Amino acid sequence: MLETIDEQRPVVLVVDDAPSSLGMLCDTLEGEGYTVLVARDGDSALQRLELVAPDAILLDAVMPGLSGFDTCRQIKANPVMAHIPVIFMTGLSETPHVLEGFACGGVDYVVKPLRAQEVVARLHTHTRNARMTRLAREAVDVAGFGVVLVDARGRVAWRSPQAALWLQGAEGGTQPGRLPEPVYAALEGDTDEVLLTLAGVQLSVRNMGRVGIGETMLLLEQRSANAASPSRLANAALTPRETEVLSWLAKGKTNRDIGDILGMSHRTVNKHLEHVFEKLGVETRAAAAALATGHVF
């Protein structure tokens, strides 16, 4: 039976084939304000993840059956769980094992015997970073856009929840990790915009350029079937950060709230909003929010 989860407390899933040896760690985590869930092996961990999405996972690398490394690969292969930071716990400290932990998607590596306070400090950092990243990425969806990051080989490195929904209609005809072929025209540089229809939804796909080492950002926007030109919001060419600020503005957040969510000062938020208003050709917060939520004024 699944435990009742306190939504105000961050949740950590501890996966170890000998959980009794982690009693002190679990007690420390509870004392630090975490809700602790425990799984004894990789299969059990994956079953738990079908029911609850923890804020972080502490994962033993060597377990009977499905190893921690293979468990992590399955977690990262699932777009619903891929954002969860995985910290490996193991007595394997040789370089090849450490490299394998990072290669399969882990964000950190702690060596047994564990020092509880060190684990807590690392967990705090990765949990906060993951939450801020998730909030920032989901903010793009609030503005009515979807975002896809494509690596240098044309594979999907990350996609926002809205983009994932739009692309589901084409997944049956595409290879895993690949986009529908028409989308790749936007990566060739020959066109500023690609229009395609997936599962009855007409999408505009625009190449926003490089955003990381070998990664390119594609911005997806739903278009009405009879749309003759891109929306006013699309024509504004907002930067990803400006889009994030606008999306939280559209949700009714104050400048100070937006600053706390995105990790910036309220003065920086003010500056971003000045640029947003100028690009959109509006003078008020209400007018900018109306555009972001699809209202015509």
Integer Hz, Karplus 6.51/-1.76/1.60 couplings in order for the range 280-288, x for Gly and Pro: 7, x, 10, 10, 10, 5, 4, 5, 5
Using θ = phi - 60° and the Karplus form 6.51 cos²θ - 1.76 cosθ + 1.60, what ³J(HN,Hα) does each residue of the range 100-107 get, whole Hz, x for Gly and Pro? 5, x, 6, 5, 8, x, x, 9
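Label the range 1-98 by shape, choosing from rounded, prolate and oblate, from the square roots a ≥ b ≥ c of the eigenvalues of the Cα gyration tensor; if a/c is under 1.5 it is rounded, and otherwise prolate applies when a/b is larger than b/c, oblate when it is not. Walk me through the numbers before you get to the answer.
Numbers: a/c = 1.65, a/b = 1.23, b/c = 1.34.
Oblate is the answer for the range 1-98, as a/c is 1.5 or above yet b/c matches or exceeds a/b.
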What does the highest-first list of 265-275, 52-62 look like by mean Cβ count within 10 Å? 52-62, 265-275
Please give every one of the lysines within straight-line cross-link reach of LYS253, meaning a C-alpha to C-alpha distance under 29 Å, and leave out same-chain neighbours fewer than 8 residues apart. LYS271, LYS279
Length gained when the stretch ASP70-THR268 is fully extended (0.36 nm per residue, less Cα-Cα span): 67.0 nm
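Values in this text are rule-based calculations from the coordinates and carry no lab data. Keep in mind that what you see is a predicted model, and the values were worked out from it rather than measured. Glycine gets a Cβ as well: all are built from the backbone with ideal geometry, and neighbour counts include every protein chain shown.
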